[in-house]
1. So the label point sits 7 Å from Cα along the Cα-to-Cβ vector; using that for B:Lys166, what distances do you get to the other copies, in nanometres, sorted shortest first?
2. If you bin every alpha carbon distance in the stretch A:81-142 into 5 Å steps from zero, what whole percent lands in each bin?
3. Using a simple charge model, +1 on the beta-carbon of Lys and Arg, -1 on the beta-carbon of Asp and Glu, nothing else, what dipole does the stretch A:144-214 show about its Cα centre, in debye to the nearest 20?
4. Considering only protein heavy atoms, what per residue accessible area in square angstrom results for chain B with a 1.4 angstrom probe?
5. Taking loop as defined by DSSP and a crowding limit of 13 other beta carbons within 10 Å, which trypsin sites (Lys or Arg not before Pro) in the stretch B:32-77 fit?
6. How far is A:Arg93 from itself in the other copies, in nm, if each label sits 7 Å out from Cα along the Cα-Cβ line, shortest first?
7. Residues of the stretch A:35-77 with accessible area at least 40 Å² lower in the all-protein-chain context than alone (1.4 Å probe)?
8. So the label point sits 7 Å from Cα along the Cα-to-Cβ vector; using that for A:Gly73, what distances do you get to the other copies, in nanometres, sorted shortest first?
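The values are calculated or read from the model by the stated rules, or taken from the named source; none is laboratory data. What you see is a predicted model, and the numbers here were worked out from it, not measured in a lab. Virtual Cβ from ideal backbone geometry, glycine too; neighbours counted across all protein chains shown. All accessible areas refer to the heavy atoms of the entire protein, side chains included, with ligands and DNA or RNA removed. Shrake-Rupley method; radii C 1.70, N 1.55, O 1.52, S 1.80 Å.
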2 protein chains.
Amino acid sequence: LGGTSAVVDTEAMPTSAVSPEFPMDLQPLGQIQESFIVATNPEGLWIIDQHVAHERVLFERHRRQRQERKVEGQRLLLPNIVELHPEQQVTFRDIAEELAASGFEVELFGQRTVAVKTAPAGIAAPDVQRLLLEILDGVGPEASALSLETLQNRISASVACHAAIKVNTALDRSKMEWLLRELSKTECPMACPHGRPIVLKYSLKEIQRAFKRI
Amino acid sequence: LGGTSAVVDTEAMPTSAVSPEFPMDLQPLGQIQESFIVATNPEGLWIIDQHVAHERVLFERHRRQRQERKVEGQRLLLPNIVELHPEQQVTFRDIAEELAASGFEVELFGQRTVAVKTAPAGIAAPDVQRLLLEILDGVGPEASALSLETLQNRISASVACHAAIKVNTALDRSKMEWLLRELSKTECPMACPHGRPIVLKYSLKEIQRAFKRI
């Protein structure tokens with residue numbers, strides 16, 4: 001009866017073959033540290049990174065809207081003036097048309113500055129400058145060497161990342177349900193546009209095995 | 001952007017050194033399959049096997065009450081007549097006194113049968129016979145070779161196992177909170193009287209690592 005005083009760690013809990021399919025019947029239970037959604041269904045326990053999950057939802061939406069030439073833009077109350085380095089200026093000229101089709105309305109404003117009048121939907125005003133510079137720096141001087149699809153995907157990924165729910169954000173049950181439902185409708189619900197995992201799964205079988213129930 | 005379509009499995013999530021201490025600040029989020037309580041605190045995610053957790057609580061309570069000679073018995077509406085094999089009869093005679101001190105009131109009833117009039121608190125009437133036979137068979141013919149402490153522990157473990165909440169039982173939030181609180185007060189909250197683990201822990205650090213956040 002000498003119970004060993006040890007928490008079973010997860011090394012004892014290797015998950016066997018898991019389906020790459022994201023289930024439709026997940027019930028959210030709550031959050032870990034207001035960052036990771038804990039959910040369950042008959043298959044077991046699921047942990048979802050709320051930021052990358054939302055990023056995936058927004059990425060696919062932005063890409064789809066771009067293909068249909070219907071990206072939603074949001075007019076800023078005040079134009080956001082952004083200063084560009086010479087290299088950023090070159091890149092900006094190269095991808096200006098693609099930026100316009102991606103929800104940006106940007107005008108040249110003097111020699112080294114641009115005025116952003118409209119940003120993709122969901123981008124908070126203070127974040128507009130950082131997003132634009134991140135896109136320009138990410139593309140760099142090789143804009144013309146990129147395929148249009150690669151360029152569009154990079155822009156969609158950056159927009160999605162900046163518009164997505166952050167970690168350390170409390171979500172009520174209906175928001176968690178909405179996010180899991182939207183995620184289940186995406187083409188690729190298991191990894192974010194940057195390739196990071198969105199979902200961890202602990203199958204019921206592995207949980208039972210860790211508890212020495214099977 | 002080619003997101004790999006794979007769920008990260010828990011092999012990628014080995015938990016580093018974990019404290020054998022059971023935290024006082026766990027917030028229950030819900031159940032997996034009405035069997036395992038999912039809870040969280042700033043350290044991360046915890047999964048608690050509700051049956052063995054309750055078993056540990058009841059085991060320590062029964063043992064303590066036995067030591068204080070105050071085990072609670074519950075009078076049965078009708079005496080439960082139990083037939084004993086010859087070997088069980090021998091064991092019964094050997095441990096009759098200890099059974100009486102453990103919450104049983106059992107009388108010889110003919111040659112091969114006993115009548116159970118009172119059972120330890122929390123034991124449902126239909127379960128009384130199974131519990132008594134399990135104790136007798138578990139002790140076997142070596143009753144006199146066992147230390148009193150071993151015998152008492154075995155009886156307490158059997159009583160606790162039969163009285164504990166089963167798996168596949170829905171628990172509301174207040175019941176989960178009660179169980180986690182009671183478990184945190186036990187001397188050995190991490191393993192059940194039979195040595196099975198009660199608690200699995202996934203530290204926040206390991207979750208963040210699995211999501212490639214650190």
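1. Label point to label point, same position, other copies: 4.9 nm.
2. 4, 19, 34, 29, 12, 2
3. Working: 12 positive and 6 negative charges, 105 e Å.
Magnitude of the dipole: close to 500 debye.
4. Numbers: 10170 Å² over 214 residues.
Per residue, chain B has 48 Å² of solvent-accessible surface.
5. Details: sites: B:Arg56, B:Arg61, B:Arg63, B:Arg64, B:Arg66, B:Arg69, B:Lys70, B:Arg75; in loops: B:Arg69, B:Lys70.
Loop-located and lightly packed - B:Arg69, B:Lys70.
6. Those separations, rounded to one decimal, come out as 10.8 nm.
7. Listed in order, they are A:Phe36, A:Leu45.
8. So the distances to the same position in the other copies read 8.6 nm.
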